[in-house]
Amino acid sequence: MRLDEATWPEVEAYLAHSRGIFIPTGSTEQHGPMGLIGTDALCAEAIAEGAADIAKAYVAPTVAYTPAPFNTAFPGTISISKPVFLSLVGEIIAGLLGQGFEILYFVNGHGANIAPLGEAADSFPDAHIRIRNWWDFETVDRLRTKYYGDWEGMHATPSEVSITQSTHRIVQPGDAAEPPEKLSARYIQTHAGDRHGPPDEHRRRFPDGRVGSHSALADPAHGDALLAAAIEAVADDYSQLCLRSASQMPPKTSTSPQK
Ligand code: NI
């Protein structure tokens, strides 16, 4: 259920018996010659909506403006600074908590968001906040390894391109039919979490925007399988978070029993 497609009385009725909400976070940045600019946001949104359907919970509008400074030399990338992102997420969390949401589940699609999301959540130690990259779940990671091995790479990954091929559209690879430069283990280790260099240097180093990822291995059928695995994993993780939080919370009302 999308929050933006609900009415306020519907949300008020929901809050009388449920306290959870999903918040997809992504980015607006280049994803190589065949990846869509909104890839991270579109993947997180599709997974959050799928999990929310299972959990019968709301999904807040996707946070698609996030820090991606290293990609700004590629047209289409819109990056906001970390302090702005921290404030934005902090105010979203505070707003939701203020209205009675108590379980906030961030489905993330952009590596560079993780550290600031964690920092923002730390300001609300009493809230039940979970932050997860969709690709980190074991069942999803197993599929990525099975399909692509090392060619999953770091950016414009065939797994995320597969998902948007399934949910949105397929862009022909052109020159990206050839594999990109293979990354060393050391490069992957030192640049984890999207710790990349200044924009011009980053574009010189990775001229077509792929960072070790062979996007052309993407396949919409893989996308369907990755989506299904991620949706199931997120829904399961969310229900565990709800169970844990329920055991720590007093009943919401003492006078009007729900259900
Ligand atoms: Ni991405």
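Only a single criterion out of (1) outside any helix (DSSP H, G or I); (2) modelled with pLDDT of 95 or more is not satisfied by ASP126, namely (2). If you check ARG132 against the conditions, is it open to solvent by 20 Å² or more (accessible area, probe 1.4 Å), more than 16 Å from the chain's Cα centre (by Cα) and charged (D, E, K, R)? Considered against the rule, which asks whether it is open to solvent by 20 Å² or more (accessible area, probe 1.4 Å), more than 16 Å from the chain's Cα centre (by Cα) and charged (D, E, K, R), ARG132 comes out as no. For region 149-157, indicate whether the set of residues that are surrounded by fewer than 18 Cβ atoms within 10 Å (Cβ to Cβ), away from the ligand (no atom under 16 Å from the Cβ), closer than 25 Å to ALA68 by Cα and not polar (S, T, N, Q) is non-empty. Checked against the condition, which is being surrounded by fewer than 18 Cβ atoms within 10 Å (Cβ to Cβ), away from the ligand (no atom under 16 Å from the Cβ), closer than 25 Å to ALA68 by Cα and not polar (S, T, N, Q), region 149-157 yields at least one hit. The number of residues in region 1-25 that are out of contact with any Ser or Thr (no Cβ under 6 Å at 6 or more places or on another chain) and within 16 Å of the ligand (Cβ to nearest atom) comes to 1. Residues in region 91-138 that are touching a Lys or Arg at 6+ places or on another chain (Cβ under 8 Å) and not small (Gly, Ala, Ser): PHE101, GLU102, ILE103, LEU104, TYR105, PHE106, VAL107, ASN108, PRO116, HIS128, TRP135. Among the residues of region 117-133, the ones that are within 16 Å of the ligand (Cβ to nearest atom) and out of contact with any strand residue (DSSP E or B) (no Cβ under 7 Å at 6 or more places or on another chain) come to 0 in all.
Residues in region 130-157 that are in contact with a Gly (Cβ under 9 Å, 6 or more places away or on another chain) and among the aliphatic types (A, V, I, L, M): ILE131, MET154, ALA156. Could you look through region 37-57, keep only residues that are more than 13 Å from the chain's Cα centre (by Cα) and hydrophobic (A, V, I, L, M, F, W, C), and pick out the one that is most open to solvent (accessible area, probe 1.4 Å)? Filtering first and then ranking leaves ILE54.
Applying a threshold of 7 Å to beta carbon distances and a minimum spacing of six or more residues, or different chains, the list of pairs starting in region 107-128 at a residue that is among the hydroxyl-bearing types (Ser, Thr, Tyr) and ending at one that is at pLDDT 95 or above reads SER123/GLY90. Report yes if some residue within region 141-152 is touching a His at 6+ places or on another chain (Cβ under 6 Å), closer than 28 Å to GLU232 by Cβ and not β-branched (Val, Ile, Thr); otherwise report no. Yes, some residue in region 141-152 is touching a His at 6+ places or on another chain (Cβ under 6 Å), closer than 28 Å to GLU232 by Cβ and not β-branched (Val, Ile, Thr).
Checking GLY76, GLY111 one by one, the residue that is open to solvent by 10 Å² or more (accessible area, probe 1.4 Å), within 14 Å of the chain's Cα centre (by Cα) and within 15 Å of the ligand (Cβ to nearest atom) is GLY111 and no other.
The values are calculated or read from the model by the stated rules, or taken from the named source; none is laboratory data. No experiment lies behind these values; they were computed from the predicted model shown. Methodologically, a virtual Cβ is constructed for each residue, glycine included, from the backbone with ideal geometry; neighbour enumeration extends over all protein chains shown. The area values use the complete protein model at the heavy-atom level, side chains included, leaving out ligands, DNA and RNA. Shrake-Rupley method; radii C 1.70, N 1.55, O 1.52, S 1.80 Å.
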